[in-house]
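Written below as structure tokens is the structure these notes are about.
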Amino acid sequence: MNTAHREAILLTPGPLTTTLRTKVAMLRDWGSWDSDFIAVTARVRRSLLDIISGHETHAVVPLQGSGTFSVEAAVATVVPRQGHVLVLDNGAYCKRAAKLTGLMGRKTTVVAFDESEAVSPQALDEMLTADPSITHVVMIHCETGAGVHNPLQAVADVCARHGRGLIVDAMSSFAALEIDARKVRFDALIAASGKCLEGVPGMGFVFLRKDILDGCAGNSQSLAMDLYDQYVYMEKTGQWRFTPPTHVLVALDEAIAQFQEEGGQSARLARYEKNYQTLVQGMAELGFKPYLDPAIQAPIIVTFHAPADARYDFRRFYEAAKANGFILYPGKLTQIETFRVGCIGAIDSVQMQQAVHAVALALKELGIASAAPALS
Ligand SMILES: *Cc1c(COP(=O)(O)O)cnc(C)c1O
């Protein structure tokens with residue numbers, strides 16, 4: 001395959017491959033208080049609320065930084081300092097959410113699930129019954145560590161029944177998996193520019209339930225991460241409080257226009273599903289085995305077992321795939337050796353077929369005849 005003429009395709013779950021149109025949108029400078037830029041901010045906020053049908057119930061507040069900045073800001077803004085947060089943990093991003101919650105001085109309880117399983121709404125129900133001091137629950141919609149699709153609706157229903165707040169990290173699912181604010185009750189839901197909306201990385205955004213907004217004043221112990229303050233200022237002036245990531249925002253605006261033209265969330269999900277099917281079928285022919293049960297696998301990122309062959313070495317495998325035009329992602333499981341392949345970004349099943357071909361060439365280069373893992 002001659003890939004010298006193009007840049008490598010990112011099979012990483014953010015940053016990811018973006019369209020030329022999205023990249024070209026960044027070739028202009030913007031004044032942060034200029035009315036043209038204020039209009040872009042307003043349009044992006046409106047479009048984001050459209051995606052979850054949230055205009056009635058929620059406000060959306062953008063924030064500078066990577067996705068984690070917005071998770072941290074959401075917890076700091078929504079949870080009072082005396083609050084008690086229960087984190088449903090089935091992977092690396094859950095552990096990160098628990099860590100930042102504790103670091104900000106909120107009482108934190110972690111309930112651990114296996115990273116090969118979805119979190120359990122029944123277990124949550126029992127924990128909320130047993131401990132009335134829990135004020136908020138944190139869950140990750142798609143646990144990007146292994147790729148598990150967690151049951152958002154069921155978890156939200158349990159929290160609503162118990163009258164507890166829910167904070168959802170929907171970073172790697174938003175705009176691909178369905179999230180409808182008219183059906184799912186949550187206090188905060190977090191996503192970012194550089195994932196399934198296929199923008200470039202650099203800003204996150206948090207949907208905050210309007211009913212709780214006023215109560216959020218003064219919760220945050222941080223100036224820069226206070227989403228309530230950012231919200232109030234943005235409503236009043238149309239501007240960001242501090243220097244906005246201007247190029248990231250205009251790229252996101254352009255990426256959202258393409259998302260809408262494609263047919264919105266259901267069309268994006270369909271494309272990612274096809275990417276996922278193409279990937280898993282092609283990899284199976286090479287002997288690779290996915291780590292997760294397909295029943296709980298989100299079509300966002302797939303964890304594969306490392307081949308059992310002694311000649312396998314992730315670093316060399318990665319470099320060989322890269323030489324053939326595709327960037328893979330290391331695994332994030334603690335116990336077993338794996339690697340991950342993202343299905344998201346401005347790519348379709350043709351690129352996924354090419355990706356499988358690049359992996360086949362990489363195996364050949366390493367002298368590996370079958371990619372079958374050690375277990376059956
Ligand atoms: C990408 C991602 C984040 C944010 O990670 P950053 O490196 O801060 O952008 C948070 N949670 C999940 C589930 C993610 O996939």
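If you run the Gaussian network model on the chain, springs between alpha carbon atoms under 10 Å, then out of Gly263, Gly65, Gly199 the most flexible one is Gly263. Per-residue ellipticity at 222 nm from helix content only, as computed over the chain with -39500 (n - 2.57) for each DSSP H run of at least four residues, stands at -12500 deg cm²/dmol.
Counted by neighbouring Cβ atoms within 10 Å, the residues Val137, Val184 run from fewest to most as Val184, Val137. Restricting the range 1-73 to GluC sites (Glu not before Pro) that sit in a DSSP loop and have at most 10 other Cβ atoms within 10 Å of their own Cβ leaves Glu7, Glu56.
Across the range 220-226, coupling constants 3J(HN,Hα) worked out from phi with the 6.51/-1.76/1.60 Karplus curve, θ = phi - 60°, read 6, 8, 10, 6, 5, 9, 7 Hz, and Gly and Pro carry x. If a spin label sat at a point 7 angstrom from the Cα of Arg43 along the line to its beta carbon, the backbone N atoms of the range 237-268 nearer than 12 Å would be those of 250-258. With respect to the chain, whose longest principal axis is taken over its alpha-carbon atoms, helix 152-162 is tilted by about 30°. This ranking places Ile140, Ile212 by how few other beta-carbon atoms lie within 10 Å of each, fewest first, which gives Ile212, Ile140. Inter-part distance, the range 61-106 to the range 203-220, computed on C-alpha centroids, equals 13 Å. In µm²/s, what is D for the chain at 37 °C and 0.692 mPa s, where D = kT/(6 pi eta Rh) by Stokes-Einstein and Rh is the Kirkwood radius from Cα pairs? It comes out at roughly 154 µm²/s. Taking other C-beta atoms within 10 Å as the exposure proxy, Ile190, Ile301 rank Ile301, Ile190 from fewest upward. Listed by chain and number, the lysines whose C-alpha is less than 20 Å from the C-alpha of Lys99, apart from same-chain residues fewer than 8 away, are Lys107, Lys332.
At an R0 of 41 angstrom, the distance between the Cβ atoms of Arg21 and Leu223 translates into a FRET efficiency of 0.70.
Given +1 at the Cβ of Lys and Arg, -1 at the Cβ of Asp and Glu and no other charges, the dipole of the chain around its Cα centre is 420 debye to the nearest 20. Maximal additional length on extending the Leu366-Lys274 stretch stands at 30.2 nm, based on 0.36 nm per residue less the C-alpha distance. Taking Lys210, Lys289, Lys183 as the candidate residues, the one with maximal mean-square fluctuation in a Gaussian network model of the chain, Cα springs under 10 Å, is Lys183.
Read the figures in this text as sums done on the coordinates, not as results from a lab. Source: prediction; values computed, not measured. Cβ: placed from backbone, ideal geometry, glycine included. Neighbour counts: every protein chain shown.
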